[in-house]
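What follows is one structure encoded as structure tokens, with my remarks underneath.
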Number of protein chains: 2
Amino acid sequence: MVLVRHEMGEVLRNVRLRKGATLRQVAGRASVALGYLSEIERGQKEASSEILASVAEALETPLSQIYHEVGDRLVVHEGLEQREQRLAGVIPDTVPDDILNSPREPIAAH
Amino acid sequence: MVLVRHEMGEVLRNVRLRKGATLRQVAGRASVALGYLSEIERGQKEASSEILASVAEALETPLSQIYHEVGDRLVVHEGLEQREQRLAGVIPDTVPDDILNSPREPIAAH
């Protein structure tokens, strides 16, 4: 299961790095403890709506953009999960007995 | 300040109503207390990543779609906020003195 706080953390970190800002700078501007912001970026803590609003403002990035980026990352994960489920249904993990026990076809001379 | 939990609550409620499901049904499927889900929908409680994943699954709706819908709602709010700020800068609240004290132009006869 994909946890959205991991994706949110990645997005906040990516936005910060794109802005060339340090954790310390963003934490200071957002009035959030540095260790707490670091835990949010690593997906270890859920950010409240108030903290998210402060961090987005400190990053000079609309919260809508952050939410859309999280949505985009989730699309990728959901696509991969679906693909895995599809492959698991279509391609068997083991070679079926009827294929394993079938006599080898002679290779046709050309 | 727009709090994202209000938008998230509205989106979850809208998705549920579009699916024609009751609070009780979704709470049951998601293994979340009915009162808690109701508070999330009303934007009174933050939903953890685990709760969000369960509710999205109970709603048979990808979490990516929910995040994109929240992003779309935030765009509207941000647009309205910007518009208010713009209007506040451009259109003064009071009639400026030079306009108030200027002699009335005679109305041209036609």
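Restricting attention to region B:30-55, the residues that are assigned to a helix (DSSP H, G or I), charged (D, E, K, R) and within 13 Å of chain A (Cβ to nearest Cβ) total 1. Cβ-Cβ contacts under 6 Å between residues 6 or more apart (or on different chains), taken from a first residue in region A:24-37 that is under 15 Å from A:Leu63 (Cβ atoms) to a second residue that is hydroxyl-bearing (Ser, Thr, Tyr) and at pLDDT 95 or above, are listed as A:Ala30/A:Ser54.
Quick one: is B:Asp72 modelled with pLDDT under 95 and acidic (Asp, Glu)?
Working: modelled with pLDDT under 95: no; acidic (Asp, Glu): yes.
For B:Asp72, the condition - modelled with pLDDT under 95 and acidic (Asp, Glu) - is not met.
B:Ala47 meets the conditions (1) without any contact (Cβ under 8 Å) to a residue 24 or more places away in the chain; (2) open to solvent by 10 Å² or more (accessible area, probe 1.4 Å) in every case but one. The failed one is (1). What about B:Ser102, is it modelled with pLDDT under 85 and either of a type outside the set (Lys, Arg) or touching a Gly at 6+ places or on another chain (Cβ under 8 Å) (or both)? In short, yes. Do you know which residues across region A:60-76 are more than 8 Å from chain B (Cβ to nearest Cβ) and over 25 Å from A:Thr22 (Cβ atoms)? Of everything in region A:60-76, just one residue is more than 8 Å from chain B (Cβ to nearest Cβ) and over 25 Å from A:Thr22 (Cβ atoms), namely A:Val76.
When region A:56-73 is examined, which residues are found to be surrounded by fewer than 16 Cβ atoms within 10 Å (Cβ to Cβ) and outside any helix (DSSP H, G or I)? Break it down stepwise before answering.
Going through region A:56-73, the residues surrounded by fewer than 16 Cβ atoms within 10 Å (Cβ to Cβ) turn out to be A:57, A:60, A:72.
Result: A:Glu60, single match.
Candidates are the residues of region A:1-29 that are part of a helix (DSSP H, G or I), more than 10 Å from every other protein chain (Cβ to nearest Cβ) and open to solvent by 70 Å² or more (accessible area, probe 1.4 Å); the one that is nearest to A:Tyr67 (Cα to Cα) is A:Glu10.
The values are calculated or read from the model by the stated rules, or taken from the named source; none is laboratory data. Source: prediction; values computed, not measured. Reconstructed Cβ throughout: ideal geometry from the backbone, glycine too, with neighbour counts over all protein chains shown. Ligands, DNA and RNA are excluded from the accessible area calculation, which covers all protein heavy atoms including side chains. Shrake-Rupley method; radii C 1.70, N 1.55, O 1.52, S 1.80 Å.
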